[in-house]
1. Considering 387, 410, which residue is touching a strand residue (DSSP E or B) at 6+ places or on another chain (Cβ under 9 Å) and surrounded by 20 or more Cβ atoms within 10 Å (Cβ to Cβ)?
2. Is it fair to say residue 241 is outside the structural domain of residue 113 (by TED's automatic domain parsing) and without any contact (Cβ under 8 Å) to a residue 24 or more places away in the chain?
3. Tally up the residues in the range 382-421 that are over 15 Å from the mean Cα position of the chain (by Cα) and closer than 19 Å to residue 297 by Cβ, please.
4. Does residue 158 satisfy the condition of being farther than 16 Å from residue 408 by Cβ and modelled with pLDDT under 85?
5. Given (1) loosely packed, with under 15 Cβ neighbours inside 10 Å; (2) over 22 Å from residue 355 (Cβ atoms); (3) within 26 Å of the chain's Cα centre (by Cα), identify the lone condition not met by residue 283.
6. Answer yes or no as to whether residue 109 is buried (at least 20 other Cβ atoms within 10 Å of the Cβ) and more than 38 Å from the chain's Cα centre (by Cα).
7. Hey, any hits in the range 222-236 for a residue that's out of contact with any helix residue (DSSP H, G or I) (no Cβ under 7 Å at 6 or more places or on another chain), farther than 30 Å from residue 260 by Cα and surrounded by fewer than 23 Cβ atoms within 10 Å (Cβ to Cβ)?
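The values are calculated or read from the model by the stated rules, or taken from the named source; none is laboratory data. Not measured: the values here are computed from a predicted model. Here the Cβ is made from the backbone with ideal geometry for all residues, glycine too, and neighbour counts use every protein chain on show.
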């Protein structure tokens, strides 16, 4: 009986194979299948080629932008200095006539200059800050009075740019280098009285009317003070709002209305937040204008919707099984959120917050509306002192046609880009270091 069943089964399988063979051959021949696969692979190759071309073009534009900034700003990290034999005459020191001391040293180097106009041009070789440098030297070392000493003094910005071989750009932008200046600079260079030195003033000074003395210290500190206020206001408020909407709020028309408005606020132009800060913080509350406090509060309004959205996305990424397991073990809803859900969502929350801070760090338009575009030479010491930020400093220098400020603008952009890259690298590190894959 079993053998008969096996025989009939084998015969049925053989018949099915014979019937299936011609059916497969007629419906799915090799030739149509080969053409379809060939077309599909050709389309994939075209798609990959188009993607590669798009990436190459984008990389080319990015490389050209970076090269333009670096080539224009790298010279700002060096400055030309002139060696002068300074005679600290006692009577001039008592009178505080340090400018006269500098002028006498220049005349001693070029005794052939007698014309009054030529002398005025000669005195323009050195920085206007030279008398203050000499005064500081005398205050630090009074024994220099009635002595002679060779001192390296920063050159004027136009002289420094000329010495750094920027002749083409000098002629295009209408610089103040004349034939007499060029002859004097050449004479100083041949007598080894000119040198290029690392420009520490760019990192130690605040803003200045003189390009050779302008620096980014005040704007950098103002940026960090502004960001501290921004984080202190936006981080707890944004995270708390997202936790309430995602974990505790009941679904209703009111919560839907709030969610829609939060999403809309994330797309509002940044200058609108500047107008909001101007009308509320300055006009209504009377807070100090052009201060880090107001700037940070305005930027907090700007990034608050972004933090809420990023936090909600991080909370939604936590598997529901975590919540169910915690609740099954007897945890209250508050314990489930703060002891379990929030812990697993923290890497995503921190990444979103850091990227939001990077956006706030590079904003300019909202700060212009609250007066942070003012000229600020002193380093802010408190949060209510007048301050500016690096992007605003770049804006101010870019509007100045003097060639010395042109290279300072590019150098400040390089410093700003370095800070932005560091902030983004921090976000990447936090995401990879604490990321939990489900």
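1. Values: 410 fails: touching a strand residue (DSSP E or B) at 6+ places or on another chain (Cβ under 9 Å).
Result: 387 is the single residue among 387, 410 that is touching a strand residue (DSSP E or B) at 6+ places or on another chain (Cβ under 9 Å) and surrounded by 20 or more Cβ atoms within 10 Å (Cβ to Cβ).
2. Spelling it out, it is not the case that residue 241 is outside the structural domain of residue 113 (by TED's automatic domain parsing) and without any contact (Cβ under 8 Å) to a residue 24 or more places away in the chain.
3. Matching residues across the range 382-421 total 6.
4. no
5. Every listed condition holds for residue 283 apart from (3).
6. Working: buried (at least 20 other Cβ atoms within 10 Å of the Cβ): no; more than 38 Å from the chain's Cα centre (by Cα): yes.
No.
7. Checked against the condition, which is being out of contact with any helix residue (DSSP H, G or I) (no Cβ under 7 Å at 6 or more places or on another chain), farther than 30 Å from residue 260 by Cα and surrounded by fewer than 23 Cβ atoms within 10 Å (Cβ to Cβ), the range 222-236 yields at least one hit.
Table: residues versus (1) under 30 Å from residue 322 (Cα atoms); (2) crowded, with 16+ Cβ neighbours inside 10 Å; (3) in contact (Cβ under 8 Å) with a residue 12 or more places away in the chain.
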{"residue": "340", "(1), (2), (3)": "yes, yes, yes"}
{"residue": "352", "(1), (2), (3)": "yes, yes, yes"}
{"residue": "380", "(1), (2), (3)": "no, yes, yes"}
{"residue": "392", "(1), (2), (3)": "no, yes, yes"}
{"residue": "399", "(1), (2), (3)": "no, no, no"}
{"residue": "405", "(1), (2), (3)": "no, yes, yes"}
{"residue": "418", "(1), (2), (3)": "no, no, no"}
